[in-house]
1. Could you please state, rounded to a whole Å, how far the C-alpha centre of the range 13-29 is from the C-alpha centre of the range 92-128?
2. Using only alpha-carbon positions, what ratio does the radius of gyration of the range 323-481 give when scaled by 2.2 N^0.38 Å?
3. Pull up all non-local amide H partners of Ile225: gap of 5 or more, or a different chain, and H-to-H distance under 5 Å with H placed in the peptide plane.
4. Any idea what angle helix 401-410 forms with the longest principal axis of the chain, computed on alpha-carbon atoms, 0 to 90 degrees, nearest 10?
5. Determine ³J(HN,Hα), in whole Hz, for all residues of the range 220-233 in sequence, where each value follows from phi through the Karplus function 6.51 cos²θ - 1.76 cosθ + 1.60 and θ = phi - 60°; x replaces Gly and Pro.
6. Evaluate the relative contact order of the chain (contact order divided by residue number), counting alpha-carbon pairs under 8 angstrom at least 6 apart; express in whole percent.
7. Give me the angle, in degrees from 0 to 90, between the Cα long axis of helix 456-472 and the longest principal axis of the Cα atoms of the chain, rounded to the nearest 10.
8. Measure out, as a whole number of angstrom, how far apart the alpha-carbon centroids of the range 218-241 and the range 327-401 sit.
Amino acid sequence: MPRVRFLPRDDVKAIHEASLEVLENTGVMVKNPGAVKLLEDAGCGVEDQVVHMPPSLVEECLKRAPSSITLHKRDGDDRLQVGGDSVIYNPGSAAIYFIDRETGEMRRALSRDLVQLVRLADALEYVHAQSTAMVPADVPDAISDLYRLYVILKNSTKPMVTGAFTKEGLIDMKRMLEAVVGGPEALAGAPRAIFDCCPSSPLMWSDVTCENLIDCARFGIPAEIIPAPQMGATSPVSVAGTLVQSNAEFLSGVVISQLVAPGAPVIYGGSPAGFDMRYCTARLGAIEAMIAACAAAEVGKHYGVPTHAYLGLSDSKAVDAQSGFESGLGIILAALARVNIVSGPGMLACENCQSLEKLVIDNEICGMAYRLLEGVSLDGAAMAADVIAKVGPGGHFLAEKHTRENLRKEQFIPSDVVCRMTPDAWRKSGSKDVLDRARERVDRLLEEHVPTPLPGDREKRLEQVFKDILARHGLPPPTVP
């Protein structure tokens with residue numbers, strides 16, 4: 001099976017040792033009083049919210065983290081295994097912009113855009129998980145994190161990657177998930193969502209994010225710890241230095257979560273970015289960012305925990321050649337590095353914009369990546385020596401039974417988003433480029449695909465929970481486009 005590695009085993013160990021040194025000597029700022037008390041009681045030194053973690057404590061907590069997570073679909077029957085060599089693609093989270101389907105212009109995302117993206121992702125065969133992909137500008141800030149989850153639960157059965165913007169938000173989102181799965185015990189035994197908990201680079205945990213991490217551990221909710229260093233700005237300019245710092249940030253989160261609840265499920269996340277000194281912008285489509293993301297996942301695999309990375313996204317502001325080559329390279333590298341959860345298909349503008357057309361294009365690349373992972377089979381009839389002998393010199397294989405039986409096993413056949421016509425046939429069909437064909441598939445899927453509705457009793461429970469939350473914030477009942 002094809003695989004890419006950036007770090008020999010000795011290099012992984014060197015990064016680990018350097019990270020332990022950072023945690024012990026430099027320390028991590030923790031702005032959550034409860035977490036500081038927890039860490040101090042566990043033997044950490046504390047100086048003005050900067051916590052110094054002994055290597056022995058870090059090592060012990062790391063051993064407690066589980067090696068895999070079973071993530072269930074909304075209705076509980078089907079499931080995804082997160083860990084080992086599994087690869088799961090999903091749109092990234094929390095973009096504030098959207099490529100307008102009518103004008104092609106970038107604008108602020110709206111609630112109707114989020115609904116369309118969720119329904120589209122539900123229909124795409126190689127996007128196996130949802131994410132709370134946008135922050136709609138027409139939804140009150142007080143409930144924007146909850147609303148995104150509400151839309152997914154109403155419009156898709158796929159499991160999701162999400163996150164809360166406040167301390168109360170995570171608790172409310174947990175109540176919403178419980179409403180659709182049958183209560184707290186059902187959710188704890190079969191999680192439907194992974195929650196992002198992002199330290200602030202360099203080396204800091206905010207009060208809100210730290211509380212979210214603590215609550216995830218308390219309730220057994222899988223937490224994706226995602227450092228987001230910008231090389232040369234909020235982390236060292238070198239890839240190796242960035243790996244040391246982001247690894248220290250991840251390990252500090254592991255310590256907090258495992259002190260709260262030994263065995264709490266955590267995922268080794270990463271959203272490293274280059275930093276373009278010419279424009280003062282983060283560059284997630286930069287090759288250095290991709291190297292750092294894949295190498296960080298190697299460190300996570302060394303620890304034996306599930307991994308995540310932001311790959312398959314682009315810094316381009318339009319669905320163009322740049323978005324294609326940056327996203328394609330990231331999606332393929334993620335597969336070859338066996339990153340377990342890959343966030344980014346559909347995203348543009350340095351993780352700040354979503355595009356439905358790009359998502360369907362990226363879906364094709366994800367399908368190609370899965371075929372790539374299958375590699376070359378020599379099993380059974382794959383060698384085809386008898387068929388070669390039968391056809392002989394100068395013949396063809398078009399009418400052979402071997403071709404009919406093995407075509408779809410051996411070849412990835414994309415949708416019509418990917419054009420493989422002759423030039424004459426292409427001209428006769430309208431000379432459409434990939435963006436034209438992607439728009440047509442978006443339109444077709446949104447018109448034809450009908451998401452599986454929530455069972456009546458569970459939908460009623462979800463509506464009641466959400467109405468109670470809205471009432472607490474003094475807001476009217478929701479209207480989902």
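None of the figures in this text is laboratory data; all of them are computed from the coordinates on show. Model, not experiment: these values are computed from the prediction. Heads up, the Cβs are rebuilt from the backbone with ideal geometry, glycines too, and the neighbour counts pull from every protein chain shown.
1. The range 13-29 and the range 92-128 have Cα centres separated by 39 Å.
2. Working: Rg = 23.0 Å, N = 159, 2.2 N^0.38 = 15.1 Å.
Taking the Cα Rg and dividing by 2.2 N^0.38 Å, one obtains 1.53.
3. Hits under the 5 Å cutoff: Cys197, Ile267, Gly269.
4. 30 degrees
5. 3J(HN,Hα) across the range 220-233, in whole Hz: x, 7, x, 10, 9, 8, 10, x, 10, x, 10, 5, x, 10.
6. Numbers: 952 pairs, mean separation 91.5, N = 481.
So the answer I get is 19 percent.
7. 40 degrees
8. 30 Å
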